[in-house]
Amino acid sequence: MTLTALLITLIIGAIAGWLAGQIVKGHGEGLLMNIVIGIVGAIIAGWLFPMLGLGLGATAPILGTIVFATIGAVILLVILQLIKRA
């Protein structure tokens, strides 16, 4: 992975994690955790969405990646909330 790809991954992870924290109330975790949650969310989305027949469009790859990573991060945060309640 090049330095540029790593920086883009971290920026997308931070944005997706922050957006997910805004959507799922009560999860303002800080910058580092937002990056981790966003990256894990992107991994979840990259695994789950192709199984559902959904894919990223070629028209806006960065925006599509942020949206998919955010959805994956929201799924992760909801799962974490359910685990905390149990």
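Read-outs throughout are calculated quantities, based only on the coordinates presented, and are distinct from any laboratory measurement. Computed from a predicted model, the values in this text were never measured in an experiment. Every residue, glycine as well, gets a Cβ built from its backbone with ideal geometry; the counts of neighbours run over all protein chains shown.
Summary of values
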{"read-out": "Computed lengthening from ALA86 to THR4, 0.36 nm per intervening residue step minus Cα-Cα distance", "value": "25.5 nm"}
{"read-out": "Correct choice for Rg/Rh (Cα atoms, Kirkwood Rh) that was computed from the model, options [x] 1.04; [y] 1.29; [z] 0.99", "value": "[z]"}
{"read-out": "Gaussian network model of the chain, Cα within-10 Å springs - most flexible of ILE71, ILE35, ILE62", "value": "ILE62"}
{"read-out": "³J(HN,Hα), Karplus 6.51/-1.76/1.60, whole Hz, each residue of region 40-45, x for Gly, Pro", "value": "5, x, 5, 5, 4, 5"}
{"read-out": "Hz values of 3J(HN,Hα) by residue in region 67-72 - Karplus curve (6.51, -1.76, 1.60), Gly and Pro given as x", "value": "5, 5, 5, 5, 4, x"}
{"read-out": "Order of THR4, THR70, THR65 - criterion: other Cβ atoms within 10 Å of each residue's Cβ, fewest first", "value": "THR4, THR65, THR70"}
{"read-out": "Per-residue [θ]222 nm for the chain (sum of -39500 (n - 2.57) over DSSP H runs n ≥ 4, rounded to 500)", "value": "-27000 deg cm²/dmol"}
{"read-out": "Spin-label pair VAL78/LEU63, simplified geometry with 7 Å Cα→Cβ offset, distance in nm", "value": "2.4 nm"}
